[in-house]
Amino acid sequence: MGLEDILKGIDEKVKAEVARIKQEAEEEKEKIIDDALKRAELQKERIISAGKKEIDGEMRRKLIQVRREEKRKTLDLKKKIMDEVFQEAKEKILTINSDEYLSLMKQIIFNNLNQGDEEIIFSPRDSKIIDREFVKEVEEFVRSKGKTPKLKFLPELDDNERGFIIRSKDVQINCTVSSLFSALKDKIEIEVARILFP
């Protein structure tokens, strides 16, 4: 499973979550609009009683204010929904089972190892699942590329993080879940917004 397949799988999960939230967003949007229109109508009746000349100026000012407030609330709601969608997707990724997680880690490591002497920095939280068998599989992959494995697996990543960092003399590749998810979010955020808010 390549990184594109992984990203595609995550993308599909995010889209499914988006579909679920879309209805809630539409209902909240309609409520905001209805409330704004009711306030505008009440204000209109008060102004009519004060006189026709005052009505025109005051209605314009109030409608602009109501529309501005409606737009602000709608944008705030959209941002909140987008944040919730991406947070839920990230939490699902962080709670996948150990086999899926190790498979994902192997695939990303295989795609990013160059020399075979890199340091692979992972979270102490993952120490139990990154066992000798896992290390052997990674070393075997390095051998299959015609290189001698001199990898170091170091449990030095923050306890709250998942994934890993591959560090060599010249380069450091951040393959933490936070970093990968941030890249995915940047890539699909506009598409998710189009699905949520057509």
Go through region 95-113 and count every residue that is hydroxyl-bearing (Ser, Thr, Tyr), assigned to a helix (DSSP H, G or I) and surrounded by fewer than 16 Cβ atoms within 10 Å (Cβ to Cβ).
2
Test result for Leu7, of a type in the set (A, V, I, L, M, F, W, C), surrounded by 12 or more Cβ atoms within 10 Å (Cβ to Cβ), on the phi < 0 side of the Ramachandran plot and at pLDDT 80 or above:
no
Filtering region 114-129 down to residues that are of a type in the set (Gly, Ala, Ser) and surrounded by 12 or more Cβ atoms within 10 Å (Cβ to Cβ), which residue is nearest to the chain's Cα centre (by Cα)?
Ser123
Sole residue being closer than 26 Å to Asp170 by Cα and small (Gly, Ala, Ser), chosen from Ser98, Ser123, Ser103:
Ser123
Go through (1) charged (D, E, K, R); (2) at pLDDT 80 or above; (3) open to solvent by 60 Å² or more (accessible area, probe 1.4 Å); (4) more than 19 Å from Leu184 (Cα to Cα) and name the single condition Glu70 misses.
(3)
Of those in region 155-172 that are assigned to a strand (DSSP E or B) and open to solvent by 40 Å² or more (accessible area, probe 1.4 Å), the residue farthest from Glu137 (Cα to Cα) is Gln172
Would you say Ile81 is crowded, with 17+ Cβ neighbours inside 10 Å and under 19 Å from the mean Cα position of the chain (by Cα)?
yes
Scan region 114-147 for residues that are free of Cβ contacts under 8 Å to residues at least 40 places away in the same chain, β-branched (Val, Ile, Thr) and not in a helix (DSSP H, G or I) and jot them down.
Ile129, Ile130
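Residue-wise test of (1) under 28 Å from the mean Cα position of the chain (by Cα); (2) not hydroxyl-bearing (Ser, Thr, Tyr).
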{"residue": "Leu37", "(1), (2)": "no, yes"}
{"residue": "Gly57", "(1), (2)": "no, yes"}
{"residue": "Arg60", "(1), (2)": "no, yes"}
{"residue": "Arg67", "(1), (2)": "no, yes"}
{"residue": "Thr74", "(1), (2)": "yes, no"}
{"residue": "Leu77", "(1), (2)": "yes, yes"}
{"residue": "Gln87", "(1), (2)": "yes, yes"}
Only one residue in Glu45, Glu54, Glu12, Glu28 is closer than 30 Å to Lys128 by Cα, part of a helix (DSSP H, G or I) and either modelled with pLDDT under 85 or β-branched (Val, Ile, Thr) (or both). Which one?
Glu12
Scan region 173-185 for residues that are of a type outside the set (Val, Ile, Thr), assigned to a helix (DSSP H, G or I) and farther than 11 Å from Phe86 by Cα and report the count.
4
With the requirement that a residue be free of Cβ contacts under 8 Å to residues at least 24 places away in the same chain and open to solvent by less than 70 Å² (accessible area, probe 1.4 Å), what does region 181-198 give you?
Ser182, Ala183
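The values are calculated or read from the model by the stated rules, or taken from the named source; none is laboratory data. Remember, it's a predicted structure, so these values are computed and weren't measured experimentally. Methodologically, a virtual Cβ is constructed for each residue, glycine included, from the backbone with ideal geometry; neighbour enumeration extends over all protein chains shown. We work out accessible area using only protein heavy atoms, side chains counted, and drop any ligands, DNA or RNA first. Shrake-Rupley method; radii C 1.70, N 1.55, O 1.52, S 1.80 Å.
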